[in-house]
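Asker: Input: one structure, supplied below.
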There are 4 protein chains.
Amino acid sequence: MTVRIFITGGTFDKSYDEITGKLDFEDTHIHEMLQLGRCRLPVEIRTLMMVDSLEMTDADRQLILQNCKSAAEERIVVTHGTDTMTDTARVLGEAGLAKTIVLTGAMVPYAFGSSDGLFNLGSALSFAQALPPGVYVAMNGRCFAWDDVVKNRELGIFEPRRG
Amino acid sequence: MTVRIFITGGTFDKSYDEITGKLDFEDTHIHEMLQLGRCRLPVEIRTLMMVDSLEMTDADRQLILQNCKSAAEERIVVTHGTDTMTDTARVLGEAGLAKTIVLTGAMVPYAFGSSDGLFNLGSALSFAQALPPGVYVAMNGRCFAWDDVVKNRELGIFEPRRG
Amino acid sequence: MTVRIFITGGTFDKSYDEITGKLDFEDTHIHEMLQLGRCRLPVEIRTLMMVDSLEMTDADRQLILQNCKSAAEERIVVTHGTDTMTDTARVLGEAGLAKTIVLTGAMVPYAFGSSDGLFNLGSALSFAQALPPGVYVAMNGRCFAWDDVVKNRELGIFEPRRG
Amino acid sequence: MTVRIFITGGTFDKSYDEITGKLDFEDTHIHEMLQLGRCRLPVEIRTLMMVDSLEMTDADRQLILQNCKSAAEERIVVTHGTDTMTDTARVLGEAGLAKTIVLTGAMVPYAFGSSDGLFNLGSALSFAQALPPGVYVAMNGRCFAWDDVVKNRELGIFEPRRG
């Protein structure tokens, strides 16, 4: 089983620019994360974009959807900024593809020692292998269906929709 | 859903003793790993032993089995040294409990910056939630049924049984 | 010999805010850095301010100077943002105190795994003990007199004044 | 000013062997440590041996002494295991070379996230630049003359000789 990984940016991949003193995007950290996890699962990686998810457009989401559709793999992980992760999950979910698609990200950039990114990546790759077709958000040890998840912005956590 | 975590030691939890200059066991690192992963999944943790898995006895394995049986939870992760992880998986697997039990560990101690432990823990907690009852070994992004896995000691990886 | 450490903020102490996704200042990291370095040197620590050095005012610099003057210790380390470190060094240097004062900082926040902060802190505390009275900038293994140092902003390094 | 760095092994450079589960020596970590510290100080590095200092022989110490003598540089840092660091310091000190030689090491391997190595390296390179000719031990923020230092093995710290 090969899992497809699509990179879109987000906190996960933010880097610290030593010259400007700001956070920005350079290359994805996914390769060194997989190396650190000594990942033995066959994966195919493609960077679709490298953006803060607050700046992700409808066209960007369509691009992600098209790539999920046309991918040869039936199991897909999408790394994504947390702020609009549930919006993209909805676009993918409503398309009703016969694939297992898991969105994940990080609350703290991987480049920080204190990142949850490696934990989340291990989790997302596992849910992608084990769950039936559908679209899911996997963050911080939990997994939510695309139509039953919101980000609680005050607490910085994902949780099921209320009532 | 609450996942039970049983700690048994292994590379996962080896510490460096500054006075003796040797690796040994102090407390488990599981709590700080779950904190680093910002784990939002309810878990119950119990340390059953803290041993190098090469020194694990039949009695130790029976103790793990009894704890899996008597646990209130139906989804269980067991942290374990890699050297005899498949032996313990066999003992648990042959018992045929109606629970999902996932054994995991690390090739490098968590206390090392270069550990695969956090990745494996995220993975094991996810497989434990998503897989049907059975006993599994989850290492480095892959998951194996207890009766179809061996550790390749030269390469330091887990792989399916041949032929 | 006790070394006084004055904290003023800077990249050294920037933290990542998980809720806003921005870098800001919370508490100083100096205590955990000294603990990580297993520092056995007696130190007295005082936080004077916690600011980006681009926002440091003349009044702020006078406050730092007054604290250097009134400190009981004759050996002082000042942690400081790199952008205006040489400006503060000049204010302190022109005052001509009979003390050894070493300014240091970091190109990358300590909270990032890839920070030079711990290296620079070890260096600054050592120069502060070994050098004669004067004001110095210690960054990335080198030490400069306050009147012979500039920050090369394109390269992100400190170097001697030209010609 | 160029500083010569001689590598001899010690805790500083211990690695974790994933296959055997033991600590051993592979390559030195000095290059990545200097890179992490963004060291701008010109250095020349040579590995003389890669041993646990408990196994260092008189012949090994003579080799270190000969290399200090014949080095073109007048400022030298020697990385060394902590157990017999003061013994080697004595051999170098009694030779009375007109050079500044600073021995340093680590209580915890650099490969561990919790190592004091980077702090000590920054410190040793600074003392080596700032101190007059002599032989010194620089550990954990302090610097001792070769004839006034012992390792307290119970506490795992270096301190001045008593009485």
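The values are calculated or read from the model by the stated rules, or taken from the named source; none is laboratory data. Values in this document were obtained by computation on a predicted structure and should not be read as measured data. All Cβ positions, even for glycine, are placed from backbone atoms using ideal geometry, and neighbour counts span all protein chains on display. Ligands, DNA and RNA are stripped out before the accessible areas are found, and what is left, the full protein with its side chains, is counted by its heavy atoms. Shrake-Rupley method; radii C 1.70, N 1.55, O 1.52, S 1.80 Å.
Asker: For a quick check of your reading of the model, give me the residue pairs whose first member lies in the stretch B:16-41 and is over 15 Å from D:Leu23 (Cα atoms) and away from chain A (no Cβ under 14 Å), whose second is of a type in the set (Asp, Glu) and surrounded by 14 or more Cβ atoms within 10 Å (Cβ to Cβ), with beta-carbon atoms closer than 6 Å and at least 6 apart or on different chains.
Answerer: B:Thr28/B:Asp13
Asker: Quick check: is even one residue across the stretch A:56-74 of a type in the set (Lys, Arg), in contact (Cβ under 8 Å) with a residue 40 or more places away in the chain and open to solvent by 20 Å² or more (accessible area, probe 1.4 Å)? Outline the logic, then answer.
Answerer: If we filter the stretch A:56-74 for residues that are of a type in the set (Lys, Arg), which is where we start, we get A:61, A:69.
Within this subset, residues satisfying the condition of being in contact (Cβ under 8 Å) with a residue 40 or more places away in the chain are none.
There is no residue in the stretch A:56-74 that is of a type in the set (Lys, Arg), in contact (Cβ under 8 Å) with a residue 40 or more places away in the chain and open to solvent by 20 Å² or more (accessible area, probe 1.4 Å).
Asker: Name the residues in the stretch A:101-135 that are surrounded by 24 or more Cβ atoms within 10 Å (Cβ to Cβ), closer than 19 Å to A:Glu74 by Cβ and not polar (S, T, N, Q), would you?
Answerer: A:Ile101, A:Val102, A:Leu103, A:Ala124, A:Leu125, A:Phe127, A:Ala128, A:Val135
Asker: Taking the criterion of being of a type in the set (A, V, I, L, M, F, W, C), touching a strand residue (DSSP E or B) at 6+ places or on another chain (Cβ under 9 Å), at pLDDT below 95 and open to solvent by less than 10 Å² (accessible area, probe 1.4 Å), would at least one residue in the stretch B:142-151 satisfy it?
Answerer: no
Asker: Is it fair to say D:Asn120 is part of a helix (DSSP H, G or I) and within 14 Å of chain C (Cβ to nearest Cβ)?
Answerer: It is true that D:Asn120 is part of a helix (DSSP H, G or I) and within 14 Å of chain C (Cβ to nearest Cβ).
Asker: Under 9 Å between Cβ atoms, which residue pairs at least 6 apart in sequence (or on different chains) link something in the stretch B:138-156 that is farther than 11 Å from B:Asn120 by Cβ with a partner that is assigned to a strand (DSSP E or B) and small (Gly, Ala, Ser)?
Answerer: B:Phe144/B:Ala138; B:Ala145/B:Gly134; B:Trp146/B:Gly134
Asker: Of the residues in the stretch D:36-55, how many are surrounded by fewer than 16 Cβ atoms within 10 Å (Cβ to Cβ) and closer than 23 Å to D:Ala130 by Cα?
Answerer: So the count comes out to 5.
Asker: Just to be sure before I move on: is A:Leu125 within 14 Å of chain B (Cβ to nearest Cβ), among the hydrophobic types (A, V, I, L, M, F, W, C) and over 12 Å from the mean Cα position of the chain (by Cα) in the structure I sent?
Answerer: Spelling it out, it is not the case that A:Leu125 is within 14 Å of chain B (Cβ to nearest Cβ), among the hydrophobic types (A, V, I, L, M, F, W, C) and over 12 Å from the mean Cα position of the chain (by Cα).
Asker: For A:Ala98, all conditions in the list (1) open to solvent by 10 Å² or more (accessible area, probe 1.4 Å); (2) at pLDDT 95 or above; (3) within 14 Å of chain B (Cβ to nearest Cβ) hold save one; what is the number of the exception?
Answerer: Failing condition for A:Ala98: (3).
Asker: Among the residues of the stretch C:104-117, what is the count of those that are assigned to a strand (DSSP E or B) and of a type in the set (S, T, N, Q)?
Answerer: Selection size over the stretch C:104-117: 1.
Asker: Run D:Pro160 past the list (1) without any contact (Cβ under 8 Å) to a residue 24 or more places away in the chain; (2) more than 8 Å from chain C (Cβ to nearest Cβ); (3) surrounded by 23 or more Cβ atoms within 10 Å (Cβ to Cβ) and report the number of the one that doesn't hold.
Answerer: (3)
Asker: Does the stretch B:25-35 include one or more residues that are out of contact with any strand residue (DSSP E or B) (no Cβ under 6 Å at 6 or more places or on another chain), surrounded by 20 or more Cβ atoms within 10 Å (Cβ to Cβ) and over 16 Å from B:Val108 (Cα atoms)?
Answerer: Yes, the stretch B:25-35 contains a residue that is out of contact with any strand residue (DSSP E or B) (no Cβ under 6 Å at 6 or more places or on another chain), surrounded by 20 or more Cβ atoms within 10 Å (Cβ to Cβ) and over 16 Å from B:Val108 (Cα atoms).
Asker: Go through (1) farther than 21 Å from A:Arg4 by Cβ; (2) more than 11 Å from every other protein chain (Cβ to nearest Cβ) and name the single condition A:Gly134 misses.
Answerer: Of everything listed in (1) farther than 21 Å from A:Arg4 by Cβ; (2) more than 11 Å from every other protein chain (Cβ to nearest Cβ), A:Gly134 misses just condition (1).
Asker: Filter the stretch B:1-15 for residues that are of a type in the set (S, T, N, Q) and within 12 Å of another protein chain (Cβ to nearest Cβ); which is nearest to B:Leu63 (Cα to Cα)? Working first, answer last.
Answerer: Just the residues of the stretch B:1-15 that are of a type in the set (S, T, N, Q), to begin with: B:2, B:8, B:11, B:15.
Next, from what is left, pick out any that are within 12 Å of another protein chain (Cβ to nearest Cβ): B:2, B:11, B:15.
Details: B:Thr2: 21, B:Thr11: 20, B:Ser15: 24 Å.
Only one residue tops the list, namely B:Thr11.
Asker: Being open to solvent by 10 Å² or more (accessible area, probe 1.4 Å) and not in a loop (DSSP other than H, G, I, E, B) is the filter; apply it to the stretch C:82-92 and report the residue that is nearest to A:Ser115 (Cα to Cα).
Answerer: C:Thr86
The rows are residues; the columns are (1) in contact with a helix residue (DSSP H, G or I) (Cβ under 6 Å, 6 or more places away or on another chain); (2) within 23 Å of D:Gly96 (Cα to Cα); (3) part of a loop (DSSP other than H, G, I, E, B).
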residue	(1), (2), (3)
D:Leu125	no, yes, no
D:Gln129	no, yes, no
D:Pro132	no, yes, yes
D:Val135	yes, yes, no
D:Ala138	yes, yes, no
D:Phe144	no, yes, no
D:Glu154	no, no, yes
D:Arg161	no, yes, yes
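Asker: Would you confirm, using the coordinates I've provided, whether D:Val135 is within 30 Å of B:Phe112 (Cα to Cα) and either touching a residue at least 24 places away in the same chain (Cβ under 8 Å) or of a type outside the set (Phe, Trp, Tyr) (or both)?
Answerer: no
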